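The values are calculated or read from the model by the stated rules, or taken from the named source; none is laboratory data. All values reported here derive from a predicted model rather than from experimental measurement. Here Cβ is always computed from backbone atoms with ideal geometry, including for glycine, and neighbour counts include all displayed protein chains.
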Amino acid sequence: MSTEPDPTWRPDYGSMRHDFGFDPLHYGAGGAQQRLFKERVASELRSYDFLFTGEVGILWHIYVDEQDRWETPNGADVDNFAKLLNDAIKGADALLFDDCQIQRLEIAWLPARGERSFELTVRCQPDEWVTRPASLYELSDGLWYPFSSDEANALKATGFLHGLDDNVRLVKKLRHHLRQGGLTKLEAFESAKPIESMARGFHRTRIADGGFGLISHSEWMADHNNPERAVGDIDEIARKLSAAIITARHHRKQLK
């Protein structure tokens, strides 16, 4: 992928690559240098009209002066580059909502041929992205879910946010009843996963400083309350699901 990407391009084949034609900066640099570096990275990534929403694999190739790397104290270790590079690709003008999305990380230095530079490769699921600008909506589980701003307005109008909110409420209550039924926190989490939505929410502390629009649960509910929607007794549904899951686990243990 060139440094001037087509704004209509999307990572529909599960990967992207971007080459940065300037010197990579390591985490030991001063605060002012770090800010300028992040701004320069964002100025290039801003040309991509999307943000990744799911887990990604990140590969960094850093092109450095090989002689400096071996024969002088100037060459920083690769782990000193990783933190700042990963920080530089998150936020409203970059590619990630937060670096907690990085499920796999690879970083390697290669000998430079000319000016120092670096390149980024991102591997993702083909459909786990939203277009910019993006906002995050708080749901009943206290997590914040990303939508493109235009999409979010449409979703409120169609009631999709209410449906997604019902799903996270159900998952939260199901986990609670499973814990009451004797399952561990991890067992309850894993047992509830089959009914979870594919949408991924973020803890507020991870996205608060990212430059995104943040719409609280009370705000969007007041803005688009839909009293006619059929909610049903979510707590009762969660109880019945919990009882079924616990019974099935008990039977499996007996069979062993």
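When N86, N80 are screened for being touching a Phe, Trp or Tyr at 6+ places or on another chain (Cβ under 7 Å), touching a residue at least 24 places away in the same chain (Cβ under 8 Å) and assigned to a helix (DSSP H, G or I), only N80 passes.
Restricting R200, R169, R175 to residues that are within 30 Å of F20 (Cβ to Cβ) and of a type in the set (K, R) narrows the list to R200. For segment 163-218, the tally of residues that are touching a residue at least 60 places away in the same chain (Cβ under 8 Å), under 28 Å from K90 (Cα atoms) and not in a loop (DSSP other than H, G, I, E, B) stands at 8.
Somewhere in segment 33-46, is a residue closer than 16 Å to V130 by Cβ and modelled with pLDDT of 85 or more?
Scanning segment 33-46, I find at least one residue that is closer than 16 Å to V130 by Cβ and modelled with pLDDT of 85 or more, so the answer is yes.
Hey, can you tell me all the residues within segment 40-57 that are touching an Asp or Glu at 6+ places or on another chain (Cβ under 7 Å) and either crowded, with 17+ Cβ neighbours inside 10 Å or of a type outside the set (D, E, K, R) (or both)? Selection gives A42, L45, S47, F52, T53, G54. When segment 77-125 is filtered for residues that are touching a strand residue (DSSP E or B) at 6+ places or on another chain (Cβ under 9 Å), hydrophobic (A, V, I, L, M, F, W, C) and over 12 Å from W60 (Cα atoms), the ones remaining, listed by number, are A92, A94, L95, L96, F97, C100, I102, A112, C124.
Annotation note: Cβ proximity below 7 Å between a residue of segment 108-121 that is touching a residue at least 40 places away in the same chain (Cβ under 8 Å) and a residue that is assigned to a loop (DSSP other than H, G, I, E, B) and aromatic (F, W, Y) (sequence gap 6+ or interchain) occurs for S117/F22. Just the residues that are assigned to a loop (DSSP other than H, G, I, E, B) and either modelled with pLDDT of 90 or more or of a type in the set (A, V, I, L, M, F, W, C) (or both), please, taken from segment 117-131. Once the filter is applied, which keeps residues that are assigned to a loop (DSSP other than H, G, I, E, B) and either modelled with pLDDT of 90 or more or of a type in the set (A, V, I, L, M, F, W, C) (or both), segment 117-131 yields C124, Q125, E128. Does R123 qualify as being in the same structural domain as A42 (by TED's automatic domain parsing) and either more than 30 Å from V64 (Cα to Cα) or not hydrophobic (A, V, I, L, M, F, W, C) (or both)? Against the criterion (in the same structural domain as A42 (by TED's automatic domain parsing) and either more than 30 Å from V64 (Cα to Cα) or not hydrophobic (A, V, I, L, M, F, W, C) (or both)), R123 qualifies.
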